[in-house]
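A.B. asks: I have a structure here, written as structure tokens, and I will follow up with some questions on it.
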Amino acid sequence: MESQKNNPLHGKRLDDIIEELVIYYGGWEGLGNQINIRCFNDNPSLKSSLKFLRKTDWARKKVEELYIKKIAK
């Protein structure tokens, strides 16, 4: 638990992160402009995005990095 104290992702669910990013970037199109992956640009939904990101480590890492960048502002 002590090692997680400075981790900004600790306790954050992936669906909450996606929803915050969608709101912050003004919708799916804005998020798709930030991270160019199909689940954000082609008929996007929270369910399809979660399914893809849970299976695809590199894409999830991009989302997590964007979220960390957003909260650092």
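The values are calculated or read from the model by the stated rules, or taken from the named source; none is laboratory data. Note that the structure is a prediction, hence the values are computed from the model and not measured. Please note: Cβ atoms are built from the backbone with ideal geometry, for glycine as well, and neighbour counts cover all protein chains shown. The accessibility values were calculated without ligands, DNA or RNA, using every heavy atom of the protein model including side chains. Shrake-Rupley method; radii C 1.70, N 1.55, O 1.52, S 1.80 Å.
A.B. asks: Within region 1-52, considering only helices (runs of 4 or more DSSP H) that don't extend past its boundaries, which have at least 1 residues that are under 16 Å from residue 71 (Cβ atoms) and not hydrophobic (A, V, I, L, M, F, W, C)?
C.D. replies: 14-24, 28-34
A.B. asks: Exactly one of (1) under 12 Å from the mean Cα position of the chain (by Cα); (2) at pLDDT below 95; (3) surrounded by fewer than 14 Cβ atoms within 10 Å (Cβ to Cβ) is unmet by residue 70. Its number?
C.D. replies: The one condition residue 70 does not meet is (3).
A.B. asks: Being open to solvent by 30 Å² or more (accessible area, probe 1.4 Å) and over 20 Å from residue 56 (Cα atoms) is the filter here, so list the residues in region 21-40 that pass it.
C.D. replies: 23, 24, 25, 26, 29, listed by residue number.
A.B. asks: Which condition from (1) on the phi > 0 side of the Ramachandran plot; (2) modelled with pLDDT of 95 or more is the one that residue 11 breaks?
C.D. replies: Every listed condition holds for residue 11 apart from (2).
A.B. asks: Suppose we filter 46, 21 for residues that are under 13 Å from the mean Cα position of the chain (by Cα) and within 18 Å of residue 73 (Cβ to Cβ); which single one remains?
C.D. replies: Going through 46, 21 in turn, just one is under 13 Å from the mean Cα position of the chain (by Cα) and within 18 Å of residue 73 (Cβ to Cβ): 21.
A.B. asks: Based on what the data block shows, is residue 34 among the polar types (S, T, N, Q), out of contact with any strand residue (DSSP E or B) (no Cβ under 8 Å at 6 or more places or on another chain) and modelled with pLDDT under 95?
C.D. replies: Taking the combined requirement at face value, the residue does not satisfy it.
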